[in-house]
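Since the structure comes first, as structure tokens, the remarks are kept for the end.
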Amino acid sequence: MTFGQLIKGALFHFKDLKAAKKTPFWKSVVYLLILSLFLAIPTVYQAVRVTQDIKSDSLKIAKKIPDFTIKNGAIKTKGDSEGFIYQTNSIILTFDPEGKRSEEDVTHDLVGNFFSVGLLKDQAILVLPDYGGVSTSLFGDNVLKSTYNKEPLKEMTGAKLRHELRNWQIPWWAPLVMLLVAIYPAFLNLLLTVFITAIGGIILAKVRLKQITFFETFKTLIFCSTIPVLLSTILLLFRPNFDFSLLITFISIFIFARIVGEYDQMDLPGM
């Protein structure tokens with residue numbers, strides 16, 4: 001059976017998946033990557049929505065930024081400008097030229113899908129929401145910080161920052177990068193889910209005395225997970241915190257149970 005026929009069987013004719021156990025392992029891995037791509041889409045969708053909110057909120061924040069300059073690695077304001085905390089729909093901004101708040105304070109400000117930004121006295125901090133591990137995978141951590149002695153912050157002023165906020169645009173390639181990064185945690189999650197499901201699958205097959213190995217069960221369940229992965233993708237678009245592992249496990253096992261009867265019986269001694 002061809003690879004295309006297996007995909008068609010995973011969607012419409014489950015019993016055709018009995019041939020999946022003979023599929024080359026590399027093809028099964030490729031298909032697992034394709035399914036992981038679907039699971040990564042909701043993460044990118046949520047991230048893009050947040051970046052659009054940030055674009056809108058950056059215009060509001062630009063109006064709040066006072067005049068300041070960087071001198072000797074610290075923020076110096078003009079006039080009687082004081083520190084403040086300002087919250088929009090997606091960003092929590094801390095402007096603290098007096099040094100009253102710490103890095104930990106800004107980090108703890110992060111709630112849900114908000115970005116926490118801190119322009120502290122001697123450093124700038126950006127705390128990112130970790131969408132499905134995207135921020136950590138991309139940057140190594142979801143807390144980014146830099147002193148004002150480094151470029152481009154060294155030459156930052158209130159006027160320049162307001163200008164950048166008003167003219168900031170989301171790069172066209174940003175969603176593609178997000179998708180590539182999001183595939184990695186999605187692949188690991190799906191791989192672990194299918195592996196655990198395969199344990200249940202091989203137990204079911206052995207109880208019914210069918211001739212199939214764990215490795216063959218694992219490859220078959222990769223294809224059995226097609227419909228539950230697609231369902232999970234749709235649900236994740238509306239409920240980002242939905243735990244898709246149980247859904248994939250139960251539906252995949254249900255589909256596998258319809259296939260296992262097609263396998264040959266084991267030859268028992270004395271029979």
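The values are calculated or read from the model by the stated rules, or taken from the named source; none is laboratory data. The shown structure was predicted, so the numbers you read here are calculated from the model rather than taken from an experiment. Cβ coordinates were reconstructed from backbone atoms using ideal geometry, including for glycine residues, and neighbour counts include every protein chain displayed. SASA here: full protein model, heavy atoms, side chains in, ligands and nucleic acids out. Shrake-Rupley method; radii C 1.70, N 1.55, O 1.52, S 1.80 Å.
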Given (1) 33, 25, 14; (2) 54, 16, 14; (3) 32, 21, 19 as candidate values of semi-axes √(5λ) of the Cα gyration tensor in Å, which corresponds to the one derived from the coordinates? (2)
Taking 7 Å along the Cα-to-C-beta vector as the label spot, tell me the Leu237-Gln265 distance in nanometres, rounded to one decimal. 4.7 nm
With a bin width of 5 angstrom, please list the P(r) values of the stretch 157-264 as percents of all Cα-Cα pairs, from the 0 bin to the one holding the largest distance. 2, 11, 18, 16, 12, 9, 8, 6, 4, 4, 3, 3, 2, 1, 1, 0
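Order of 64-72, 32-40 by packing, highest average Cβ count within 10 Å first? Intermediate values should be presented prior to the final figure.
Numbers: 64-72: 14.7, 32-40: 19.3.
Top of the packing list down: 32-40, 64-72.
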Measure off, as a whole percent, the carbon and sulfur share of the 1.4 Å-probe accessible area of the chain, all protein chains present. 61 percent
Using only Cα atoms, tell me the angle between helix 158-167 and the longest principal axis of the chain; keep it within 0 to 90° and round to the nearest 10. 40 degrees
If amide hydrogens are placed 1.01 Å from N in the peptide plane, which non-local residues have theirs closer than 5 Å to the one on Ile92? Phe115, Ser116, Val117
Per residue value of the accessible surface for the stretch 30-91 (all protein chains in place, 1.4 Å probe), Å²: 52 Å²
Loop sites in the stretch 191-253: trypsin sites (Lys or Arg not before Pro), DSSP, at most 16 other Cβ within 10 Å: Arg208
